[in-house]
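In what follows, a structure is listed as structure tokens, so that the remarks can point back to it.
Values quoted throughout were computed directly from the atomic coordinates according to the rules given, and no laboratory measurement underlies them. Keep in mind it's a predicted model, so treat the numbers as computed, not measured. Cβ coordinates were reconstructed from backbone atoms using ideal geometry, including for glycine residues, and neighbour counts include every protein chain displayed.
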Amino acid sequence: MLRFKHEDKTIEINNDSANLHEVIKSLGLDSKKLIAAKFNGELSDLSRTVTTDGEISPVTTDSPEGLEIIRHSTAHLMAQAVLRLYPGSHFGVGPAIKDGFYYDIDATSTITEEDLPKIEAEMRKISGKGEPVTREDMSKSDALKIFADDPYKTELITDIDSPTVSIYRQGEYADLCRGPHVSDASKLHNFKLLSIAGAYWRGDEHNKMLTRIYGTAFATPDELKEYLKRLEEAKLRDHRKLGKDLDLFSLHEEGPGFPFFHPKGMAIMNTLIDFWRREHIRRGYTEIKTPQILDRDLWIRSGHWDHYRENMYVTEIDEKPYAIKPMNCPGSILVYKTQLRSYRDLPMRLAELGCVHRHEKSGVLHGLMRVRCFTQDDSHTYIEPSKIKEEVLAIMELDRYVYTDVFGFKYTVELSTRPADSMGTDEQWNEAEAALKDALESTNTPYTINPGDGAFYGPKIDFHLEDCLGRTWQCGTIQLDFQLPGRFDVTYRGDDGAEHTPVLIHRVVFGSIERFMGILIEHYAGAFPYWLAPVQVKIVPISDSHADYAKELHDMFMDWGIRSEVDYRNEKLGRKIRDAQMQKVPYMLVIGDKEKESCTVGVRERSKGDLGSMSLEGFKELLSKEFNPIH
């Protein structure tokens with residue numbers, strides 16, 4: 001007899017074994033959305049047979065685990081369709097990922113995006129026939145026989161540290177997989193194949209390039225429809241397209257991963273920097289600048305050479321090895337060490353807009369979001385150990401102000417703990433992680449734990465911003481470092497007259513200014529708020545006879561600190577207004593005979609349209625009411 005429990009319900013079955021699906025039905029649980037089950041906390045297929053007592057709970061399609069199973073199963077469905085259309089193809093890995101799934105495929109012929117509808121149609125054919133999905137547990141040697149002609153599965157099986165493996169079959173398709181999966185392909189309806197990319201086997205550029213097909217799947221057609229709608233909106237907001245359309249930046253083959261900023265892009269960047277400087281001065285930071293290239297021995301001492309070498313560019317000067325800095329921290333430490341410091345000097349907040357270079361593989365480069373050269377809005381704060389919580393709370397308040405009050409982002413917080421590749425003792429890491437937890441919990445800040453994702457020198461708090469499409473972007477970070485001060489003999493004289501080692505806090509707010517700009521471009525769809533817009537006022541003279549007055553206005557606005565442009569083109573007024581609208585300029589001023597004679601302006605606002613005629617002082621007063629965190 002077996003006994004099963006779910007919450008306050010318990011049933012007994014007069015058998016030595018039971019099928020999980022049958023147990024759930026016996027408990028009287030709703031099975032309409034049922035897709036899997038948890039038995040004693042372990043996620044399992046519904047077809048699993050159990051022979052012991054235990055706790056059971058259903059996993060439904062509207063749960064995170066259920067959605068992941070749908071997506072993983074859809075990846076298998078896609079692989080089966082590819083195998084039918086391209087017989088003899090081999091398959092790498094096909095996991096569920098955020099918002100969908102992918103599969104890496106070594107196909108027998110080239111697959112392009114034009115082939116996706118054909119693959120998708122084959123998937124629907126398989127789904128319509130309800131191909132059953134079954135699991136087999138077997139020894140590694142038996143599995144190797146099944147995948148004898150597949151080099152990728154053979155390699156994966158060989159690397160598995162277990163005497164047995166599991167295989168899932170549906171029709172002629174078999175795959176090495178832990179599962180769980182849907183019971184049959186008819187459960188999979190709401191999917192869409194999205195794109196194709198290249199991916200090296202196991203992410204190693206020395207391995208063969210496979211074809212990666214991306215797709216998405218949802219539990220309901222409405223969810224799929226809503227997601228595809230968001231994707232279309234995201235395409236319209238793509239910062240690479242808007243960057244070109246709005247003349248903000250460009251990317252060139254002569255410098256892959258090294259963006260070129262145009263005057264309008266620099267106007268945005270400089271405004272962000274002005275805001276950054278104002279807030280940091282207010283909060284007790286002082287700005288420094290450190291060199292781009294430093295002796296290799298410095299990077300060996302800091303630990304970057306051992307832990308970050310593959311991402312560093314190296315060079316040679318006077319037959320000595322140097323490295324272009326991937327991070328600003330060692331330079332900041334050298335500045336700190338130029339004088340003897342006292343506890344009265346602490347906290348010492350050294351901020352730097354440091355240009356760093358990191359070697360990223362060409363396949364991951366993406367506009368401003370993933371580049372090889374970028375500006376970090378760094379700060380390195382040297383504090384007494386007893387002041388950790390106080391300083392972390394001050395940084396958290398700065399982040400809240402910037403993200404929420406200024407830019408209107410919602411955000412979530414994540415605490416990343418010690419990685420496998422790290423420096424320092426267990427005691428130091430435990431102390432550092434406890435300090436960050438204390439700061440978060442003392443302010444009732446909700447957070448999640450990201451195990452093993454800390455920096456090699458310390459744990460960190462990461463801030464993930466949510467944009468208007470619900471996408472998240474990791475920007476700010478607060479990293480607690482007990483390691484580098486010791487490695488560099490960084491000290492301060494305490495109030496007891498003895499030498500002590502400070503704690504170092506590494507911190508960014510924007511993160512990469514270039515990447516933050518990319519996020520803002522997509523978040524605002526290029527329609528920046530007035531204070532950040534590269535051109536705040538577009539002056540539109542109706543004819544050449546109004547050009548002199550337009551020039552006077554332009555000069556006056558520049559004196560007022562307003563970024564303005566004049567459209568001197570010999571075009572119709574409607575075309576000029578439409579073009580200014582397309583450039584997403586906040587205000588347009590139409591200048592004709594009436595305005596020239598009365599020294600007024602005809603005002604149009606980007607979203608509200610025609611606001612009528614105004615005196616210059618009236619327009620200035622209107623602009624003064626616009627939100628501007630710099631003034």
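What FRET efficiency would be calculated for the residue pair E233, D544, taking the C-beta separation as r and a Förster radius of 60 Å, to the nearest 0.05? That gives a FRET efficiency of 0.90.
Taking label positions 7 Å along the Cα-Cβ direction at both D137 and R309, the computed distance is 4.4 nm, reported to one decimal. From least to most packed, judged by other beta carbons within 10 angstrom and beginning with the fewest, I157, I281 follow the order I281, I157.
Counting 0.36 nm for each residue step from V364 to N40 and taking away their Cα separation leaves a gain of 112.6 nm.
State the label only: which of (1) 50, 36, 25; (2) 41, 29, 22; (3) 42, 33, 23 corresponds to semi-axes √(5λ) of the Cα gyration tensor in Å computed from the shown model? Here semi-axes √(5λ) of the Cα gyration tensor in Å agrees with entry (1). Panel order for I395, I539, by other beta carbons found within 10 Å of each beta carbon, from fewest to most: I395, I539. Note on S17 and L611: the extension gain reaches 206.1 nm, defined as 0.36 nm multiplied by sequence separation minus the Cα-Cα distance. In this label model, R278 and K437 are separated by 4.0 nm, measuring between points 7 Å along each Cα→Cβ vector. Given +1 at the Cβ of Lys and Arg, -1 at the Cβ of Asp and Glu and no other charges, the dipole of the chain around its Cα centre is 1320 debye to the nearest 20. Placing a label point 7 Å from the Cα of L393 along the Cα-to-Cβ direction, the residues of the range 420-447 with a backbone N closer than 20 Å are 431-447. Over all pairs of different C-alpha atoms in the range 249-524, the reciprocal of the mean inverse distance, the Kirkwood hydrodynamic radius, equals 19.6 Å. Is it possible to state the helix-based mean residue ellipticity at 222 nm for the chain, with each DSSP H run of 4+ residues giving -39500 (n - 2.57), the sum divided by total residues, to the nearest 500 deg cm²/dmol? What is it? After summing the helix terms and dividing by residue count, I get -10000 deg cm²/dmol. Principal-axis analysis of the Cα atoms of the chain puts helix 221-236 at an angle of about 30° to the longest axis. Which FRET efficiency, nearest 0.05, do E287 and Y568 yield, Cβ-Cβ r, R0 41 Å? Working from the Cβ atoms, E equals 0.55.
Relative to the dominant Cα principal axis of the chain, helix 573-582 is inclined by about 50°. Exposure proxy ranking for S624, S564, S26, based on other Cβ atoms within 10 angstrom of each Cβ and starting from the fewest, stands as S624, S26, S564. If the cut-off is 12 Å between C-alpha atoms, which aspartates and glutamates fall inside it for K538, apart from same-chain ones fewer than 8 positions away? By straight Cα distance, K538 reaches E565, D567, D579, E605.
The slack in the chain from K145 to T220, taken as 0.36 nm per residue of separation less the alpha-carbon distance, amounts to 23.1 nm.
Post the alpha-carbon centroid distance, the range 236-314 to the range 461-475, in whole angstrom. Using only Cα atoms, the two centres lie 19 Å from each other. In this structure, the pairs whose alpha-carbon distance is over 23 Å, taken from K118/K208; K192/K244; K33/K129; K118/K225; K551/K572; K98/K140, are K118/K208; K192/K244; K98/K140.
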